[in-house]
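Beneath this line is the structure, given in structure tokens, with notes to follow.
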Amino acid sequence: MLRGKHIVVGISGGIAAYKIPELIRLLRKEGAEVKVTTTKNALEFVTELTLQTLSGYKVYSDVFAAINEHSTEHISLPDWADAMIIAPATANVLGKMANGIADDALTTTFCAMRKPVVIAPAMNDKMYECPATQEALRKLSEWSNIILLDCAAGELACGTTGKGRMQEVPALAETLRYALTGKDLASKHVLITSGRTQEAIDPVRFISNHSSGKQGTALALSCWRRGAQVDFVCGPSAVYPSVPTFFATAQQLRNISVTSAAQMAEQTIQLFPSCDVAILCAAVADFTPSNVAKEKIKKQPEQNEMTLSLTTTTDIAATLGKTKTQNQKLVGFALETCDEQNHALHKLQSKNLDLIVLNSLQDKGAGFGVDTNKVSLLFANGTKKDVPLLSKEDIADCIVEAIRSL
Ligand code: C5P
């Protein structure tokens, strides 16, 4: 996602500055190029050598000290950059930026920056509540190129508990991905089912499957970055999408946790009428115990076998397929172990889907639990597209591109 992107990281003098070397590493690991600018105070918390070593570039922290080297760095950095992030942004720096004060390397660079800027405030809770800080935050939140993060609540460096923490490094990276993604799904409402369901046998046991929820999570983030409002109905999986909290903007991704196939069906069927697209990625149980025992089922002496009576669950995809309007798109998944394509095509037609994503357990590196996947996209108009082995994030982007072409 960040491959080849040029990112300027601006650090001001808050204790959260100690986390920024980790951010630089993460951005570079994703293939971004990073240059750093700091206030003088920031260098009390993190050394220039650390930042230079991790970024691979000299740090721009003093407008005058190395005038020959930097000269008009505050202009060339914004020209070089695709995006900037200011983290942590202290109350002092927020106040300056909101009011056009540009008196050091970081604030002059910001002032000349017309590309997307992510701001991650961090300060003591009293400083956060200060009317001047709130006014600065409000002003900055209205700039069209700024994505302003809210502070998180929790334990603060000064020993108190309150609102003022910087959002964590993964959330900062996620906001940069968001900032650098075109909003081609803005005003679209996307419903995604993900993970597995659990069908209770008794209070202790259940029937389930190996789905990790990774592909569904990647799909949710891909849609969210493109500006969609996402309802994510998820069974008890290992992973859930987590998105940063913006200042003064409603949350665009809603996690709705369910356990059983019946609960997933109830939530999904209720949400579908208001959605433009439903992506049914969940591995829903096809059968559920006919009766859930009230007490733990005991093994009897000499018992050699036990029979469990199962009933079919509601097929969510087929149900939505029956009520789908002309303006709605329905996408299903198929995980097959044999005669894959024929099974998938049958599902595509019988459930009235617009697209089915076929992944096979035969393919190495594809399917349950792993971070990669290899899929074929089968469209209702009869066309087919094979997507090679890629990360689940890249597969998600391919699927979303395919949905946009429907
Ligand atoms: O028929 P099968 O379960 O293999 O179909 C897979 C597709 O149908 C997936 O998109 C899955 O999310 C969806 N499905 C569903 N409700 C079920 C079972 C599967 O929506 N009860």
> Each label point is 7 Å from the Cα along the Cα-to-Cβ direction; what then is the distance between the points at Lys294 and Tyr240, in nm?
Replying inline: 3.2 nm
> Simple spin-label model, 7 Å along Cα-to-Cβ: Ser309 to Phe287 in nm?
Replying inline: 1.4 nm
> Using the beta-carbon distance between Arg114 and Arg28 and R0 = 22 Å, what value does 1/(1 + (r/R0)^6) give for FRET efficiency, to the nearest 0.05?
Replying inline: 0.35
> Taking square-rooted eigenvalues a ≥ b ≥ c of the alpha carbon gyration tensor, is the stretch 1-109 rounded, prolate or oblate, where a/c under 1.5 means rounded and, failing that, a/b exceeding b/c means prolate?
Replying inline: rounded
> Plugging the Kirkwood radius over Cα pairs into Stokes-Einstein for the stretch 266-309, at a temperature of 25 °C and a viscosity of 0.890 mPa s, what D comes out in µm²/s?
Replying inline: 166 µm²/s
> DSSP beta bridges in the chain, what fraction antiparallel, as a percent rounded to 5?
Replying inline: 30 percent
> Check Ile146: other-chain or 5+ apart residues with amide H under 5 Å from its amide H, H built from backbone geometry?
Replying inline: Val117
> Nearest 10 degrees, 0 to 90: what angle lies between the long axis of helix 169-179 and the longest principal axis of the chain (Cα atoms)?
Replying inline: 90 degrees
> Can you sort Cys338, Cys151, Cys111 so the residue with the fewest Cβ neighbours within 10 Å comes first?
Replying inline: Cys338, Cys111, Cys151
> Amide H of Val34: which non-local residues (sequence gap of 5 or more, or other chain) have their own amide H closer than 5 Å, using H built in the peptide plane?
Replying inline: Ile7
> How big is Rg to Rh over the stretch 57-211, alpha-carbon atoms, Rh as the Kirkwood inverse-mean-distance radius?
Replying inline: 1.14
> So what are the ³J(HN,Hα) numbers for the stretch 77-91, from phi and the Karplus equation (6.51, -1.76, 1.60; θ = phi - 60°), rounded to whole Hz, Gly and Pro as x?
Replying inline: 4, x, 5, 6, 6, 8, 7, 10, 10, 10, 8, x, 9, 7, 4
> In the stretch 98-167, which trypsin sites (Lys or Arg not before Pro) are in a loop and have at most 14 other Cβ atoms within 10 Å, using DSSP for the loop call?
Replying inline: Arg114
> So how strong a dipole does the chain carry about its Cα centre when Lys and Arg Cβ are +1 and Asp and Glu Cβ are -1, to the nearest 20 debye?
Replying inline: 420 debye
> Is the stretch 200-341 rounded, prolate or oblate when judged by the Cα gyration tensor, a ≥ b ≥ c being the square roots of its eigenvalues, rounded requiring a/c under 1.5 and prolate requiring a/b larger than b/c?
Replying inline: prolate
> For Asn352, what charge total do you get from the other residues with a beta carbon under 15 Å from its beta carbon, if Lys and Arg give +1 and Asp and Glu give -1?
Replying inline: +3
>> Can you give me the distance in nm between label points at Gln270 and Glu336, each placed 7 Å from the Cα along the Cα-to-Cβ direction?
In response: 3.5 nm
>> To make sure I understand, if each residue's beta carbon is the centre and we count other beta carbons within 10 Å, what order do Asp397, Asp286 fall in, fewest to most?
In response: Asp286, Asp397
> Under 24 Å Cα-Cα from Lys188, which lysines qualify once same-chain neighbours fewer than 8 residues away are excluded?
Replying inline: Lys214, Lys322, Lys324, Lys329, Lys351, Lys392
> Most exposed first by the Cβ proxy, i.e. fewest other Cβ within 10 Å, how do Thr288, Thr37, Thr319, Thr311 rank?
Replying inline: Thr311, Thr319, Thr288, Thr37
>> When 1/r is averaged over all different Cα pairs and the result inverted, which Kirkwood radius in Å belongs to the chain?
In response: 23.6 Å
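Bear in mind that the values in this text are calculations on the coordinates, not laboratory data. None of these values were measured; they are calculated from a predicted model. Note that each Cβ is placed from the backbone with ideal geometry, even for glycine, and that neighbours are counted across all protein chains shown.
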